[in-house]
Amino acid sequence: MSEIIILFLGAISAGLLGSLTGLGGGVIIIPLLTLGFGVPMHYAIGASLISVIGTSSGAAVAFVKEGFTNMRIGMFLEIATTSGAIVGALVSGMLNPNTIGIIFASILLLTVILNLKGKPDHQEPLLKGSLEDKLKLYGTFPDKGVMKNYAARNTVPGFFMMMFAGAMSGLLGIGSGALKVLAMDNMMRLPFKVSTTTSNFMIGVTAVASSLIYFQRGEIIPVIVAPVLVGVVVGSFIGSKTLMVSKTKKLKTFFAIVITILSLYMMYNGINSNFS
């Protein structure tokens, strides 16, 4: 019983950290479960995926109401992320837990670097007759009371990058939001608010696709998943409220240092075959 309470408190802090950094709770949950509680890697990934579904669904509803999320672009790119996530989840079953630990640490370091970089904010006009025009990958979003128009660019490379993001999500049990935002911001040149909120909407659907495979393999254990899910949802709710009043630049730098140390520790344990 005491272990479940400690796990629940750990999950609250994971949700809080994930929400404040924008990286999602999975980046903290997996090291917490594997290194802190000795949970086998694949069970930790299963629990993390369920928590990703919980946190994404809650935030996604609010963003859709506010008019930031582009459902059409989201549903189109879901084809890429869900197919990637299924492949990632299947590959995960064949890989040694230590190999997954090393890949996890590498992606985590890449995510920290991407997160600290300045975010570009694009607002591209629609090119008539382009692929984006044919697929209707454009829309409007509210900005300081004004509705602004935007359209996507470079749909094909963006689609393949989303496939990679989905595969990493299925393989590692994280939302891989930073990779999705990279594809939508830097490649498809969508406005930052639109890419972030649309990515959040997609993360949950991607996690459902891969979690079904973990479930079928018997790697989703209710006694681990329940405290993790509730804790992460509570933590991310507290985080979203804290974010309104806190100095985000200092927070981001502090958490970047924490997550870098965490990823190096994961890498060290993976190399020394410490994961079960």
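Bear in mind these aren't lab numbers, they're just calculated from the coordinates by the rules spelled out. No experiment lies behind these values; they were computed from the predicted model shown. Heads up, the Cβs are rebuilt from the backbone with ideal geometry, glycines too, and the neighbour counts pull from every protein chain shown.
Calculated mean residue ellipticity, 222 nm, the chain: -24000 deg cm²/dmol, from DSSP H runs (n ≥ 4) at -39500 (n - 2.57) each, averaged per residue and rounded to 500. Charged neighbours of L127, selected by a Cβ distance under 15 Å, balance to +2 (K, R count +1; D, E count -1).
Pairs exceeding 23 Å between alpha-carbon atoms, taken from K144/K193; K65/K117; K193/K241; K65/K180; K180/K252; K136/K180: K65/K117. With contacts taken as Cα pairs under 8 Å and at least 6 residues apart, the chain reaches a relative contact order of 39 percent. Taken over the chain, the convex hull of the Cα atoms encloses 114 Å³ per residue. Computed from point charges on the beta carbon alone (+1 for Lys and Arg, -1 for Asp and Glu), the dipole magnitude for the chain about its Cα centre is near 760 Debye.
Gain on full extension, evaluated as 0.36 nm per residue between M71 and M94 minus their Cα-Cα distance, stands at 4.9 nm.
Each listed q (0.20 Å⁻¹) maps to a log10 I(q)/I(0) for the range 98-187 from the Debye sum over equal C-alpha point scatterers, namely -1.00.
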